[in-house]
Structure formats: structure tokens, C-alpha cells
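Here is the structure we will look at, set down as C-alpha cells.
Read-outs: derived from the displayed coordinates by stated rules, not from any lab. Only a predicted model underlies this, so the values are computations on that prediction, with no experimental measurement involved. Every residue, glycine among them, receives a Cβ derived from its backbone with ideal geometry; neighbour counts consider all protein chains shown.
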Amino acid sequence: MSDKVNKTQPRTLSDILSDLTGRKLLSIGSPAMMQRALFSRGALLAQQTSAAAKSAPVLLRLDRSMSSVTIPPPACMLRPLEVPLRYLFGPGPSNVPPRILAAGSRPIIGHLHPEMYEIMNDIKKGIQYAFQTENNMTIAMSGSGHAAMECALFNTVEPGESVLIAINGIWGERVAEIAERMGANVHRMVKTPGGYFANTEIEQAIKKHKPVLFFLAHGESSAGLCHPVDGIGDICRKHDCLFLVDTVASLGAAPIFMDKQNIDILYSGSQKALNAPPGTAPISFNDRACHKMFNRKTKPVSYLFDMTHLSNYWGCDGKPARIYHHTGPVSGFFALRESLAILAEGGLEESCKKHKEVAAYLYRGLEDLGLKLFVPERDLRLPSVTTIAIPEGYDWREMLTYIMKHHRIEMTGGLGPSIGMVMRIGLMGYNCEKTNADMALHALADALKNCKKSKA
């Protein structure tokens, strides 16, 4: 009974302070000392309460910002990635071999690590082999073939300068537009798709317009033409004009010799006969191009494509340290290095020979189907991309759709000025096999049989 009475006795000030502070107070002597202690603990609690009150709006704002997310996660991003299996028998990209896919999936390293620089050095040497050049200023652009195309123009041409563009398909058109956008004085030599330019025509135009640069597509994939290059570099040197050549669709499939053919600037792409994924683009400048490029009156219009910075990033400027310019596509460089290694192992001559043989096999099969090759001169046909005239009475879009649906094979129509004129079949790099040519021919035969043909 006495225990219950004791538990209901009044609490002391010490007990109250212990509850307020969370601590058991030591024995306090006089009432004055007890009062000072109470005020001290009260002030501490007031400070803590004030701090909590100040932080409350921050928490409320955070809650409000989170509650402002009104767009839900898209349903498509909550599903796993699905990619269909397709045979890429168009003008590119082509199917990537497992070895290159494996190289691209290796663990990422820093883009400025010493090991990455070694890989970039390997890529440079691989490009020099593929281009057949000893040019020091040889790099791979972070971007598609268009990146290399723009890099070449942006660095070697200044606003107001004259350029001469050979146009016999989309790539000449594209270069002319880029040059006009940057303020160059553009002169065009124009042929219908599949046409080619005689050296005498080129020299006459150079004499007339006095350009600082002449452009030619070696592999005009929109028309299936492989343009002759011999002698043009000599003409350009004679008239103090740089010679720029596009080999995006032809490198590794048709012979090109940068140094021997006096080509001043050469570029390509990773995704065709080289068989790497899209996203990197080899380019090389010789000493003539470098002299023009590094003695400009104005800065290039693009910072990203400025060779003053890119030459350092790739270790081509002779400086001891490479300085950060941009973050290169590390996985893309892994894949490009592997693709160049495969080209080196098999040999450049053997690669071109194989593309020529498989193309000839495809030509015979197409003719047996009654189809007409778009480029009549065999020596002018691009081995990597074959063009056929659209079969009379057929809708080319319907044929291509049928082939994709029933055979999982990509073939394409024309591009730019060749739209409505041709269908294109690409067998390059990993896809350059006679068995793939047979697959393409079988699909075309099936489409000819089952697609509607107009009576006209």
C-alpha cells in the first residue's frame, strides 16, 4: 500500500528537468543554481526547436517538388529491350561480327587513361593502313561519316572561299549544302546519279572556278558508283587545290591509296565494310591540308570538330600532354580498333578482292532474274553496294516491305536524287559472302513472284 502512495507523490524539479533534457541531473544545490540550470536547458531546447522550425520549410519544399512529378514512367521503359534479328543487306550499317560486338562490350575505362591512349594510337595506325597513308594527322572522329565530312570542310575552308563539288548522288549534294551553310562560295559539277566525271572536265572546272578544295565521292552509295580517282590528285596539286575524297561506302571494298593518289583529305565511316557499329569515322589530312588548316584567318565554325584541339586529343600535335577536349565514345573506339585489326589480319588486298568476287557473283544472279544493273560499266560499279533499276511495273516500296516481312532482309530504295530510280543491295564486310548473295537473290525472286505487277 505504501509503495502505491510513494508512486503518486509530487515530482521534483530535478525530475522535470531530466525529462526536458533527456539527461539525469546531478544533485543541484541552491534554488538559484537550480533556476540557472532550468534557464540554460530551456534556452538549449528553444534553439533546437528553432532549428527544427527553420528546416521544416526545406523539407516541405522537397516534399512539394517530389509531389510535382505528374508524368508517370513511360510503359515502354518498364519493358525489357527487344531487338529483332535482321539481315542488313542494305547500304549500311551492316551486321556486326561477334568478335567486334564482344570488343565493344568490354568494361569501360576512362577516356583519358593511358590505356585508352594506347588504344587510340592503335586505331591511328590501323587507319593509316586502311587508307594507305603515312600521314601523322590521322584520327577517328567521335561521330558518323557526316562528322568527318563536316570536320574536313570546317577546318580547311573559310567563309568566302571557293569550293568545287562533284555531284552525282546524295553525298555531293550534302557536301555542297554544308559548305554553303558555313559561308563558302560553292560551285557544282552535276551529273545524273551513276554518272562520272572525266579528268579533263574536272581540270576545266578547277581552272574556271579556282577553288581551294575539290570534293569527290569515291563510293557514291546512293547510285552504286565507284568513281575513278587516278590523276585527279595531280590536277589538284597543279592548281593549288586540296583534294577531298569520301570513302564511307568504299573503304575495304574497293582499292584506294591516299598517298600514291595524292589525296589531301580522306575520310570514311565505321559501319560499312569495316563492320564496326555506327558512331566513329576515320579521317586523315596530309601536310598540304595541315598547312591550310593551321594557317587560317578565322577559327573553324565548330569547336567540337576543331582540329587544333582534336590533333592534341589524338596525340598528333607533338605536345607531351593530351588535354581534355571532349569525351570520346570509349566502347565505339574498342569496336573500331577490333574492326581495323580484322582488316589487318586478313589483308587489305584480300578484302577488296573478296568484295569484288562476291559482287560479281551477285551480278550474275540478278541478271538471271531478269533484273537490270543500274550502272552499266562493270568497272564503275561499287563492290559493296549494288544498284538495280526498279523492275518495270513493280512498286519498289511494296517489294522491299515484302522482303523485310517474309525474309527479315533489309534492302533499300534510292537516296536523294536516286529515289525512285534504284533498289540497293549491300554485301560488305561480315556480310560479304556468296551464301548471303544467295539469300538476297532468293528474296528478290520471291518478291517478283508475289508482289503485284501493274498491267501498264
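Can you pull the three principal axis extents for the Cα set of segment 308-352, in Å, largest first?
The Cα atoms of segment 308-352 stretch 38, 23, 15 Å along their principal axes.
Given the chain, what percent of its DSSP beta bridges are antiparallel, to the nearest 5?
Values: 21 of 40 bridges.
Around 50 percent of the beta bridges assigned by DSSP in the chain are antiparallel ones.
Angle check, please: helix 348-368 long axis (alpha carbons) against the longest principal axis of the chain (alpha carbons), in degrees 0 to 90, nearest 10.
70 degrees
What ranking do 428-441, 355-368, 98-111, 302-315 get when scored by the average of other Cβ atoms within 10 Å per residue, highest first? Let's see the in-between values first.
Working: 428-441: 20.3, 355-368: 17.1, 98-111: 13.9, 302-315: 18.6.
Ranked by mean Cβ neighbours within 10 Å, highest first: 428-441, 302-315, 355-368, 98-111.
Hey, which lysines would be in cross-link range of K272, C-alpha to C-alpha under 17 Å, not counting anything within fewer than 8 residues on its own chain?
The qualifying lysines are K353, K354, K356.
Can you tell me the FRET efficiency between H291 and D230 if r is taken as the Cβ-Cβ distance and R0 is 35 Å, rounded to the nearest 0.05?
Working: r = 24 Å, r/R0 = 0.69.
Efficiency computed from Cβ-Cβ geometry: 0.90.
At L85 and T308, where each label point lies 7 Å from the Cα along Cα→Cβ, what is the point-to-point distance in nanometres?
About 5.3 nm separates the two model spin labels.
Cross-link list K372/K452; K124/K238; K372/K453: which exceed 21 angstrom alpha carbon to alpha carbon? Show your work: numbers first, answer last.
Values: K372/K452 19 Å; K124/K238 29 Å; K372/K453 17 Å.
Among K372/K452; K124/K238; K372/K453, the Cα-Cα distance tops 21 Å for K124/K238.
Based on the Cα coordinates of segment 224-346, what is the per residue volume of their convex hull in Å³? Don't jump to the answer; show the numbers that get you there.
Numbers: hull volume 17.7 nm³, N = 123.
Enclosed volume per residue, from the Cα hull, is 144 Å³.
Compute the signed sum of charges (Lys and Arg +1, Asp and Glu -1) over the other residues within less than 15 Å, Cβ to Cβ, of E173.
Details: positive: R174, R181, R188, K191; negative: E150, E177, E180, E220, D246.
Here the charged neighbours net out to -1.
Using the Cα centre as the reference, give the magnitude of the dipole from point charges on the C-beta atoms of the chain (Lys, Arg: +1; Asp, Glu: -1; all else neutral), rounded to the nearest 20 debye.
On the way: 51 positive and 43 negative charges, 406 e Å.
So the dipole magnitude of the chain works out to roughly 1960 debye.
Quick one: pull the percentage of alpha-carbon pairs in segment 108-222 with a separation above 24 Å.
Working: 2571 of 6555 pairs.
Within segment 108-222, distances greater than 24 Å cover 39 percent of Cα pairs.
Please compute the alpha carbon radius of gyration of segment 132-191, then divide it by the globular-protein estimate 2.2 N^0.38 Å. Two decimals is fine. Please list the in-between numbers first.
Working: Rg = 12.6 Å, N = 60, 2.2 N^0.38 = 10.4 Å.
Rg over 2.2 N^0.38 Å, computed on Cα atoms: 1.21.
Please list, in chain and number order, the residues 5+ apart from M141 or on another chain whose amide H is under 5 Å from its amide H, with Hs placed from the backbone.
A281, I283
Just want to confirm a number: the relative contact order over segment 76-191, from Cα pairs under 8 angstrom separated by 6+ residues, in percent.
Numbers: 74 pairs, mean separation 18.0, N = 116.
Computed value for segment 76-191: 15 percent relative contact order.
When we measure straight from the Cα of K191, which aspartates and glutamates land under 14 angstrom away, once same-chain ones fewer than 8 places off are left out?
Of all the aspartates and glutamates, those that pass the test against K191 - Cα under 14 Å, at least 8 places apart if same chain - are E173, E201, E220.
Could you rank the peptides 319-328, 256-265 by their average count of other C-beta atoms within 10 Å per residue, with the highest value first?
By packing density, highest mean first, the sequence is 256-265, 319-328.
Provide the gained length on full extension for the span H146 to E398, in nm with one decimal, where the gain is 0.36 nm per separating residue minus the Cα-Cα distance. It would help to have the intermediate numbers written out before the result.
Numbers: separation 252, 0.36 × 252 = 90.72 nm, distance 2.98 nm.
Gain in length upon complete extension: 87.7 nm.
Starting from the Cα of T70, step 7 Å along the direction of its Cβ; do the same at K125; then give the gap between the two resulting points in nm.
Roughly 6.0 nm, to one decimal.
What does the convex hull of the Cα atoms of the chain come to per residue, in Å³, rounded to a whole number? Numbers along the way, then the final one.
On the way: hull volume 134.5 nm³, N = 456.
Taking the convex hull of the Cα positions in the chain, it is 295 Å³ per residue.
What FRET efficiency comes out for M77 versus R364 if R0 is 41 angstrom and r is the Cβ-Cβ distance? Round to the nearest 0.05.
Values: r = 48 Å, r/R0 = 1.18.
My answer for the efficiency is 0.25.
Normalised by the residues of the chain, what does the relative contact order come to in percent, with Cα pairs under 8 Å and at least six apart? Display every interim value, and only then the final one.
Details: 771 pairs, mean separation 91.1, N = 456.
Once normalised by length, the contact order is 20 percent.
I'd like the FRET efficiency for D446 and E177, computed as 1/(1 + (r/R0)^6) with the beta carbon distance as r and R0 of 35 Å, rounded to 0.05.
Details: r = 39 Å, r/R0 = 1.11.
My answer for the efficiency is 0.35.
Order these peptides, 84-90, 269-275, 178-184, by their mean beta-carbon neighbour count within 10 angstrom, highest first. Don't jump to the answer; show the numbers that get you there.
Numbers: 84-90: 16.1, 269-275: 29.6, 178-184: 17.9.
In decreasing order of mean packing, 84-90, 269-275, 178-184 become 269-275, 178-184, 84-90.
Return the distance in nm (one decimal) between the two label points of a simple spin-label model at K353 and N199, each offset 7 Å from Cα along Cα→Cβ.
2.7 nm
Give me the percent of Cα-Cα pairs in segment 341-416 that sit more than 17 Å apart, rounded to a whole number. Mind showing how you got there, number by number?
Details: 1628 of 2850 pairs.
Value for segment 341-416: 57 percent of Cα pairs lie more than 17 Å apart.
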